[in-house]
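Since the structure comes first, as structure tokens, the remarks are kept for the end.
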Amino acid sequence: MSEQAITAKNVDLSNCDRELVQYVGAIQPHGAMLVVNEQTYAILQASRNIENITGLALDQVIGAPIESVLGRGNANLLGRAPLQDGPVYVLRESFSETSTSVNVFAHRCGGVLLIELESVPEGRVPPTIDLYSKLRMGIARLQATPTLQAFFDMAVSQIRDFTDYDRVMAYKFHPDGSGHVIAEAKRDDLEPYLGLHYPATDIPAPARRLFGLSWLRHLPDTDYSPVPLVPEHNPLTGQPVDMSYSILRSVSVMYSEYLKNMGVKSTTVMPLMREGKLWGLISAMHHDAPKHLPYDVRMAAEFLAHMLSLLMSAKESVQTYEQRLRMSSVTDQLVNAFNREPDLHVAFGSRSSPVNVLAQVPAGGAAVVSHGKVTLCGSTPCASDVLALAAWLDQQKQPVFATDALSEHYPPAAQYKTTASGLLALHLAHRSPEYLLWFRPEQLQTVTWAGNPNKPVEIDETNGLLVLRPRNSFARWKESVLGRAEPWQPWEIEAVANLRRALFEALLGRAEEIERINRELIELNVELDSFAYAASHDLKEPLRGIHHLATFLKRENSTLLSEEAKKQLDMIMRLTRRMDDLIEALLHYSKTGRSELTIETVDLDRLLDEAIATCRHRIAETNTAVRRSDSLGTAACDSVQVREVFTNLIGNALKYNDKSTRWIEVGVEQARPKRYFVRDNGIGIEQRHLERIFLIFRRLHGRDEFGGGSGAGLTIARKTVERHGGRMWVISKPGEGSTFYFTLEPESDR
Ligand code: ADP
């Protein structure tokens with residue numbers, strides 16, 4: 001074993017991680033040890049102090065049969081005792097030469113029998129209290145505690161009652177090996193350690209392993225001198241003896257130094273186990289003087305620690321179960337809110353809503369990111385930082401992302417580590433970055449220092465030895481948790497994953513609903529088209545009749561009719577013509593919806609030539625310059641209908657212009673999909689009318705202004721491009737001109 005002094009230079013306690021504490025080869029002086037050959041019962045090794053306890057000199061003992069120390073009858077007891085599972089109490093023995101009484105414990109380990117003779121504390125009288133009934137009462141009270149915290153508070157105060165130690169603490173390990181004091185019962189005048197955090201190095205890995213092996217480790221006097229075994233190694237194997245389970249085993253020099261530096265004179269440590277793993281410790285400390293706990297008290301304390309482990313698991317499961325229940329009820333409420341209100345910002349982020357996103361998991365703040373907008377709740381980074389974070393998350397492509405050290409993954413987060421060292425993110429949509437985010441502050445911001453926080457860290461270098469104090473530990477712990485938040489518990493991550501699933505189901509339900517409505521709308525549209533077709537078709541007939549009758553009436557009775565009557569007949573004829581135009585437009589419109597599209601590869605430049613040719617008279621009349629920029633290329637479309645679209649847009653561009661020098665421009669923008677456009681320097685359209693002009697029979701001008709029109713042209717044009725999968729829109733500036741755009745295929749996905 002490396003008996004290394006802890007100096008300021010080598011203070012890294014992880015040295016201890018490499019120390020083989022179980023092969024220490026020495027015991028504490030409040031007892032003696034015999035290492036016995038399992039087959040022959042001959043004594044292989046003995047602790048150097050054997051004579052002080054038994055009165056038999058070392059050389060009398062080594063090599064002798066065990067019965068020479070314990071007597072024949074007692075030695076026989078060893079053969080019958082079940083010695084596989086750690087030390088068992090075998091008997092009590094008194095040695096007259098030294099007037100010492102000992103409790104004898106024995107166990108097997110590594111092919112030898114380890115016999116430990118622990119002296120009974122001087123003046124010890126058998127217990128007068130009924131330990132059993134005291135324990136029973138204690139356990140009943142532990143069971144009745146309402147919370148895990150109350151459970152631990154009660155546990156430490158009971159153990160303090162049993163052991164009469166100055167201070168008893170419950171200590172919980174974190175996944176990274178660090179830990180903190182979760183409950184404490186102490187003498188009133190002592191400084192509280194409750195809430196203190198310790199780095200993983202304070203209880204090094206081998207020590208943690210050994211704590212997990214025995215139910216109780218007792219160190220009656222931290223200032224003891226270790227007693228070595230003689231000879232140092234097992235003479236049969238040449239190896240040191242494995243003392244993992246030994247009661248008297250000498251502790252690591254680092255551990256005893258550490259305790260001494262904390263002002264601890266005596267200590268007892270009991271593990272808290274959960275599902276077979278070391279979960280935490282019960283640590284009892286005595287500050288005044290050494291304290292040797294008698295066997296029966298140790299048994300009671302050990303039994304209690306055992307019960308604590310069992311009850312704690314149950315208590316913790318209940319608490320976790322309750323947390324899960326609470327979170328799942330919040331999930332339900334959030335999903336209901338989402339069903340009522342599809343806008344994530346309103347559903348989850350509103351302060352007025354009964355439950356908002358922050359309620360889902362314990363966090364300092366939360367954010368909703370959707371459609372490039374951010375809604376913040378609680379303590380969070382600013383909106384622009386959250387948006388940048390969402391953009392980064394988008395590249396991670398993880399449905400649920402959890403970290404307790406965000407800046408390790410995403411360095412810009414270091415700037416706001418105080419509010420968001422921990423991030424739990426839920427990605428909702430597949431395409432647009434929609435996120436629900438929860439933030440946890442850096443742990444340092446939440447940990448309370450139980451002592452005087454203004455007192456500087458204590459580092460005493462006395463004789464080159466570093467004096468470790470809890471405050472020093474805290475400083476070390478602080479370093480280890482920079483930029484770290486309280487980790488997300490598995491059930492918290494699970495709750496967020498459940499919320500995600502539930503929201504997806506709700507979205508799916510909504511998509512099905514939209515699809516159903518769409519189908520209905522398509523059917524309705526078809527019906528409307530056939531209705532419009534039938535109606536306009538049927539209306540034309542009587543209208544023609546009225547027109548003929550009016551013409552006939554005027555011609556045949558020209559002498560009989562007054563001038564006034566003739567004017568009225570003219571009016572009837574004008575109106576019927578106008579109505580005929582309108583019906584014709586309606587018929588045209590309904591045909592556009594009903595006719596089959598004949599899709600072929602079309603040379604759009606030729607198509608445009610034809611459309612311009614159709615309008616040539618109007619072009620000449622208005623003296624309009626027609627500019628054609630790039631070639632339009634080819635497109636898969638219905639040539640007849642698309643030609644009509646061009647004719648209509650060019651017609652309008654020629655019509656709605658009052659400038660003295662007029663031009664129109666037809667071209668294409670090379671976007672995806674291609675955007676064809678017809679631009680003019682005409683009268684332009686006010687912003688508020690940009691959508692209205694696409695509605696059927698909506699005109700912005702008097703019937704006869706700008707050459708008149710039915711108001712169906714743009715409706716038909718838009719319907720045509722939409723039937724091709726494209727869309728049509730306009731941008732315009734009143735007085736300066738308009739540009740009508742259209743595409744002939746669907747927008748591709750991002
Ligand atoms: P119309 O047969 O009246 O031209 P449209 O459906 O083609 O019907 O157009 C609807 C209305 O949109 C027109 O009455 C006009 O007010 C406006 N409009 C269409 N094209 C233009 C344009 N290039 N510049 C200004 N206004 C336009």
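The values are calculated or read from the model by the stated rules, or taken from the named source; none is laboratory data. Not measured: the values here are computed from a predicted model. Counting neighbours? That spans all protein chains shown, and the Cβs are built from the backbone with ideal geometry, glycine included. Quick note on the areas: whole protein, heavy atoms, side chains included, nothing else; ligands and nucleic acids left out. Shrake-Rupley method; radii C 1.70, N 1.55, O 1.52, S 1.80 Å.
For the reader, a short list of remarks on this structure follows.
- In segment 670-700, of all residues being more than 13 Å from the ligand (Cβ to nearest atom) and of a type outside the set (Lys, Arg), the one that is farthest from the chain's Cα centre (by Cα) corresponds to Tyr676.
- The residue that is farthest from Gly702 (Cα to Cα), among those in segment 536-560 that are touching a Lys or Arg at 6+ places or on another chain (Cβ under 8 Å) and modelled with pLDDT of 85 or more, is Lys554.
- If the condition is being open to solvent by 60 Å² or more (accessible area, probe 1.4 Å), part of a helix (DSSP H, G or I) and over 20 Å from Thr418 (Cβ atoms), then segment 372-395 contributes only Gln395.
- Checked against (1) at positive phi; (2) modelled with pLDDT under 85, Asp164 meets all criteria but (2).
- Of all residues making up segment 701-719, the number that are within 7 Å of the ligand (Cβ to nearest atom), part of a loop (DSSP other than H, G, I, E, B) and open to solvent by 20 Å² or more (accessible area, probe 1.4 Å): 3
Conditions tested, residue by residue: (1) aliphatic (A, V, I, L, M); (2) in contact (Cβ under 8 Å) with a residue 12 or more places away in the chain; (3) outside any loop (DSSP other than H, G, I, E, B); (4) over 21 Å from Arg298 (Cβ atoms).
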{"residue": "Glu93", "(1), (2), (3), (4)": "no, yes, yes, no"}
{"residue": "Thr98", "(1), (2), (3), (4)": "no, yes, no, yes"}
{"residue": "Ser101", "(1), (2), (3), (4)": "no, yes, yes, no"}
{"residue": "Ala106", "(1), (2), (3), (4)": "yes, yes, yes, no"}
{"residue": "Leu113", "(1), (2), (3), (4)": "yes, yes, yes, yes"}
{"residue": "Val181", "(1), (2), (3), (4)": "yes, yes, yes, yes"}
{"residue": "Leu190", "(1), (2), (3), (4)": "yes, yes, no, yes"}
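- Close pairs (7 angstrom Cβ cut-off, 6 or more residues apart or separate chains): open to solvent by 20 Å² or more (accessible area, probe 1.4 Å) in segment 55-78, outside any loop (DSSP other than H, G, I, E, B) and of a type in the set (Phe, Trp, Tyr) anywhere: Gly55/Phe95
- Leading residue by the ranking (modelled with the lowest pLDDT) among those in segment 475-501 that are open to solvent by less than 30 Å² (accessible area, probe 1.4 Å) and more than 24 Å from His409 (Cα to Cα): Ala475
- Of the criteria (1) under 14 Å from the mean Cα position of the chain (by Cα); (2) farther than 30 Å from Phe152 by Cβ; (3) open to solvent by 50 Å² or more (accessible area, probe 1.4 Å), which one Pro362 fails: (2)
- Residue match in segment 636-654 (condition: surrounded by fewer than 20 Cβ atoms within 10 Å (Cβ to Cβ) and touching a Phe, Trp or Tyr at 6+ places or on another chain (Cβ under 8 Å)): no
- Condition met for Gly667 (in a loop (DSSP other than H, G, I, E, B), more than 11 Å from the ligand (Cβ to nearest atom) and free of Cβ contacts under 8 Å to residues at least 60 places away in the same chain): no
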